[in-house]
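**Q** Attaching a single structure in C-alpha cells format; questions to follow.
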Amino acid sequence: SDSVTFNIPAGTTITPDETAVGSCSAIEYTIFVSNGSNIQSQKVLIMDNGSTAYIEEYAVMSNPNLIGTFSADVNSGNVRLLLTPQTGISGTTTVKFTKMTIQ
C-alpha cells in the first residue's frame, strides 16, 4: 500500500498515482482519503487502450462529507489516477491506497 499527502487548493485536481501505459491490462485500487474530519473509502477500476483511460468508481462511502471524485486519463505515456476535490474541500488531504495490477 502507498500513502501520499497533498496540500490541495480548492478546485485543483491532483494525481495520487500513475502507471506506464502497456504495463498491465487493468488496475484495481482500494482507496482511503482523509481531509480534516472528512473520510472517504472506495474502489476504483481503470483500463486503457493506449490513448484513452476508462474508469469505474464503486463502493463509495464517506462521512460526514464526500472529499472528491476520481477520474483517469492518459498523459505522457502514463495512465493517471486523478482526484478532484468537492466544492469547499481544500487543505491537507491524505490518500492511502492499495493497487493491484492485472497483467
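The values are calculated or read from the model by the stated rules, or taken from the named source; none is laboratory data. In this text the structure is predicted, and so the values were computed from the model without any measurement. We place every Cβ from the backbone using ideal geometry, glycine too, and count neighbours over all the protein chains shown. Heavy atoms of the whole protein, side chains included, go into the accessibility calculation; ligands, DNA and RNA do not. Shrake-Rupley method; radii C 1.70, N 1.55, O 1.52, S 1.80 Å.
**Q** Would you calculate the separation in nanometres between label points at Asn75 and Thr5, each defined as 7 Å from the Cα along the Cα-to-beta-carbon direction?
**A** Spacing of the two 7 Å Cα→Cβ label points: 2.3 nm.
**Q** How large is the accessible surface per residue of the chain, computed with a 1.4 Å probe and reported in Å² as a whole number? Please list the in-between numbers first.
**A** Working: 5380 Å² over 103 residues.
Per-residue accessible area for the chain comes out at 52 Å².
**Q** Evaluate the distance, in nm, between pseudo-label points positioned 7 Å from the Cα of Tyr54 and of Thr84 along their respective Cα→Cβ axes.
**A** 2.1 nm
**Q** Under 5 Å between amide hydrogens, which residues at least 5 positions from Ala53 or on another chain qualify, with H placed 1.01 Å from N in the peptide plane?
**A** Close amide H contacts, sequence-distant or interchain: Val74.
**Q** Further question on the same structure: Enumerate the calculated ³J(HN,Hα) couplings along region 21-35 in order (Karplus 6.51 cos²θ - 1.76 cosθ + 1.60, θ = phi - 60°), each rounded to whole Hz, writing x wherever the residue is Gly or Pro.
**A** Couplings: 4, x, 7, 7, 8, 7, 10, 10, 10, 10, 10, 10, 10, 10, 8 Hz.
**Q** Shifting gears a bit: Using the Karplus equation 6.51 cos²θ - 1.76 cosθ + 1.60 (θ = phi - 60°), what ³J(HN,Hα) coupling, rounded to whole Hz, does each residue of region 65-74 give in order, writing x for Gly and Pro?
**A** My calculation for region 65-74 gives 10, 5, 7, x, 10, 9, 9, 8, 8, 10 Hz in order.
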